[in-house]
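Worksheet: one structure, shown below.
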Amino acid sequence: SSHGTTAPATSITGNKITAFRISGAVSGTSTSSSILGIYIGSGLADAISNQIGSLDGTSSIVDSTTATTSTTEVQGIYNFSVNATTMSNNTVGNIRVVNASATTGGASVVGIQANTSSSVTAIANNNVVGSASGPLTVVTPGTSTTSLVRGMIMTACIATATGNTISNLTSNAPNTST
């Protein structure tokens, strides 16, 4: 096991999270994101072979907000525990985050993120984030400098990432960060 312990990890496997929309004055980032497809907040857990949104464009996840000064964020798969994790063979696509505010509200989407501990390993292998028919998209007419689109983030951990495909990340925000 990559977990460095004899305790078995919980396996989050084979789930399909797709085809829904939220709207209104919703906001939140990180662990308080308006949508968290799969969220691991504590404990030993692996996310294997899950589908968040769709790569073929047949179904989507949409976060459409009117929050005027806040950022709204969607996280496909997010591990925020302090433990080792494996996130492999997952697909994340066709996620659209819109902040219709004409002021400073931001919009963000993150496909897969591990923010664990500097002493543990986070493995992300053979994941597919975004596709021609299932992009990760941010739309905001505002002037926010907090909008971003990120395929994969591996922070505060010993990261191993191989065989991943990240494509079709789009944004019209003035500070596009991918």
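Once C-alpha pairs closer than 8 Å and six or more residues apart are averaged by separation and normalised to the residue number of segment 1-137, the relative contact order reads 27 percent. Each other residue within a Cβ distance under 15 Å of Asn79 adds +1 if Lys or Arg and -1 if Asp or Glu, for a net charge of 0. Sort segment 34-107 into rounded, prolate or oblate with this rule: let a ≥ b ≥ c be the square roots of the eigenvalues of the Cα gyration tensor; rounded if a/c is under 1.5, and if a/c is not under 1.5, prolate when a/b is larger than b/c, oblate otherwise. Because a/c hits 1.5 or more and a/b fails to exceed b/c, segment 34-107 counts as oblate. Using only Cα atoms, locate the centre of segment 18-60 and the centre of segment 100-146, then give the distance between them in Å, rounded to an integer. Distance between centres, Cα-based: 11 Å.
Over all other residues within a Cβ to Cβ distance under 14 Å of Ala173, the charged ones net out to +1, with Lys and Arg as +1 and Asp and Glu as -1. With the alpha-carbon atoms of segment 123-177 aligned to their principal axes, the span from lowest to highest coordinate is 36, 30, 9 Å, starting with the largest.
Considering only Thr13, Thr116, Thr160, the mean-square fluctuation computed in a Gaussian network model of the chain, springs between alpha carbons under 10 angstrom, is largest for Thr160. For segment 1-88, with all protein chains present and a 1.4 Å probe, just round the carbon and sulfur fraction of the accessible area to a whole percent. Summing carbon and sulfur atoms, their accessible area is 49 percent of the total for segment 1-88. Quantify, in whole percent, the carbon and sulfur part of the accessible surface of segment 102-178 (1.4 Å probe; protein heavy atoms only). Exposed carbon and sulfur together represent 52 percent of the surface. Per residue, segment 3-54 exposes 51 Å² of solvent-accessible protein surface, assessed with a 1.4 angstrom probe and all protein chains in place.
Ala107 sits among other residues whose Cβ lies under 10 Å from its own Cβ, and their net charge, with Lys and Arg +1 and Asp and Glu -1, is -1.
The values are calculated or read from the model by the stated rules, or taken from the named source; none is laboratory data. Since we're looking at a predicted model, the values are computed, not measured. Glycine also receives a Cβ, built like all others from the backbone with ideal geometry; neighbour counts cover every protein chain displayed. The area values use the complete protein model at the heavy-atom level, side chains included, leaving out ligands, DNA and RNA. Shrake-Rupley method; radii C 1.70, N 1.55, O 1.52, S 1.80 Å.
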